[in-house]
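One structure below.
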Amino acid sequence: ALHLAQAEDGKGLDDFQKVYNAIAEKLRDEDEFDGYIGYGPNLVRLSWHVSGTFDKNDNSGGSFGGTYRFKKEADDPANKGLQNAARFLEPIAKKFPWISHGDLYTLAGVTALQEMQGPKIPWRPGRVDADEKDAPENGRLPDASKDGNYVRHYFGRFGFSDQEIVALLGAHCLGKTHLENSGYEGPWGAATNTFTNEFFVNLLNENWKLEKNDAGNEQYNSNKGYMMLPTDYGLIQDGKFKKYVEKYAKDQDAFFEDFKSAYVKLLENGIDFSKLGKAYVFKTLDEQDS
Ligand code: HEM
Ligand SMILES: CC(=O)Cn1cnc2ccccc21
């Protein structure tokens, strides 16, 4: 059965906006991380990895239990590099001890996306810290060396459509790959910390060459210094995915709308929020300055 959301008692929009603001101010303050990319992309990746262990067949994994806090999950080789995001969030968790880990990890991704000029992401609290025995086994996160068919099958475990899969992967407009983390090397030049549809524009406009990188893994590189993972490239090799790549390359608003919906579904998969009220939509720091 689905996990029933149990919001932190007595906490409302203002309380969670305070957590949002603490994360957003720390993001602004610590802007030198990873060659001045900042922590935003890493926090978005953490919010995806804590949710990406979900399996709709037995409702195991997913963001509900905050089990990333256990070594068993944090030490999954697929999570290499996310220690930075976890360390970033430690003082936030200490300042707001009442928030569950699952709510903190997902709220941090929402905060980072909105502060990087992404769409407004409605967010609901109610994840509850589970035991280490509930932490999913390693190996549930995807393999970047595969093709479009693998990606479709992989996300079938979450119940995502082709359109939702393409929209979600648009988050690869953010940050970069790091050879020491994943065995893929991204260019410093092209890495960004602003949420746009350029992942799709680059996929279609660059001429991609399949090359072996210094770790011996194949990746697609362009003469402008951009890179794509084989799974990224699979989105234009597969005709059914490609039409959504073209849609989002032409229409950033459509991308923002579809990304927002798919990202909320990713973060909320496996949880019954029906007993809760409306989702919260947080103000960005800029919207509060005025
Ligand atoms: C087929 C599915 C996916 C694969 C195989 C994949 C693979 C990867 C790999 C290998 C990296 C580089 C990690 C590193 O070396 O530091 C990465 C980074 C990243 N991924 Fe994905 N990813 C997938 C889906 C997603 C989704 C669904 C999201 C979010 C909605 C996402 C967000 C990110 C972000 C923001 C980064 C940059 C992190 C940073 O700069 O520290 N990815 N991904
Ligand atoms: C800037 C760049 O390489 C865009 N990009 C293309 N694929 C990516 C996967 C993870 C992070 C960034 C990615």
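The values are calculated or read from the model by the stated rules, or taken from the named source; none is laboratory data. Owing to the predicted nature of the structure, the values given are computational and were not obtained by experimental measurement. Don't worry about glycine lacking a Cβ; one is built from the backbone with ideal geometry, like all the others, and counts go over all protein chains shown.
Of note:
- Members of segment 84-107 that are touching a Ser or Thr at 6+ places or on another chain (Cβ under 9 Å) and in contact (Cβ under 8 Å) with a residue 60 or more places away in the chain: ASP103, THR106, LEU107
- Pick from segment 108-161, criterion surrounded by 17 or more Cβ atoms within 10 Å (Cβ to Cβ) and free of Cβ contacts under 8 Å to residues at least 24 places away in the same chain, ranking: nearest to the chain's Cα centre (by Cα): PHE155
- The conditions of being out of contact with any helix residue (DSSP H, G or I) (no Cβ under 6 Å at 6 or more places or on another chain), in a loop (DSSP other than H, G, I, E, B) and either modelled with pLDDT of 95 or more or not assigned by TED's automatic domain parsing to the domain that holds ASP34 (or both) are not met by GLY81.
- Matching option when the condition is touching a strand residue (DSSP E or B) at 6+ places or on another chain (Cβ under 6 Å) and more than 27 Å from GLY66 (Cα to Cα), among LEU204, LEU235, LEU210, LEU179: LEU210
- Of all the listed residues (LYS243, LYS212, LYS224), the sole one being under 18 Å from THR192 (Cα atoms) and out of contact with any helix residue (DSSP H, G or I) (no Cβ under 8 Å at 6 or more places or on another chain) is LYS224.
- Filtered residue count, segment 261-283, keeping only those that are part of a strand (DSSP E or B) and of a type in the set (D, E, K, R): 1
- Within segment 185-219, considering residues that are among the small types (Gly, Ala, Ser) and modelled with pLDDT of 95 or more, the one surrounded by the most Cβ atoms within 10 Å (Cβ to Cβ): ALA215
- Test: residue in segment 28-45 that is hydrophobic (A, V, I, L, M, F, W, C), in a helix (DSSP H, G or I) and crowded, with 23+ Cβ neighbours inside 10 Å: yes
- When residues of segment 164-186 are limited to those that are near ligand 2 (Cβ under 6 Å from one of its atoms) and not polar (S, T, N, Q), the one nearest to the chain's Cα centre (by Cα): HIS172
- Condition check for GLU25: more than 27 Å from LYS176 (Cβ to Cβ) and either among the acidic types (Asp, Glu) or not assigned by TED's automatic domain parsing to the domain that holds ASN59 (or both): no
- Summed over segment 208-224, the residues that are more than 25 Å from the chain's Cα centre (by Cα) and assigned to a loop (DSSP other than H, G, I, E, B) give a count of 4.
- Residue within segment 259-272 that is out of contact with any His (no Cβ under 7 Å at 6 or more places or on another chain), on the phi > 0 side of the Ramachandran plot and crowded, with 18+ Cβ neighbours inside 10 Å present: no
- Filtering segment 227-260 to residues that are within 14 Å of ligand 1 (Cβ to nearest atom) and assigned to a loop (DSSP other than H, G, I, E, B) leaves LEU229, ASP238.
- Close pairs (7 angstrom Cβ cut-off, 6 or more residues apart or separate chains): under 17 Å from GLY118 (Cβ atoms) and in contact (Cβ under 8 Å) with a residue 24 or more places away in the chain in segment 171-190, more than 6 Å from ligand 1 (Cβ to nearest atom) and of a type in the set (D, E, K, R) anywhere: HIS172/ASP232; CYS173/GLU198
- Residue check, THR196 within 15 Å of ligand 2 (Cβ to nearest atom) and in contact with a Cys (Cβ under 6 Å, 6 or more places away or on another chain): yes
- Boolean, TYR226 is buried (at least 18 other Cβ atoms within 10 Å of the Cβ), in contact (Cβ under 8 Å) with a residue 40 or more places away in the chain and not hydrophobic (A, V, I, L, M, F, W, C): no
- Scanning segment 215-232 for any residue that is in the same structural domain as VAL50 (by TED's automatic domain parsing) and among the hydroxyl-bearing types (Ser, Thr, Tyr) turns up nothing.
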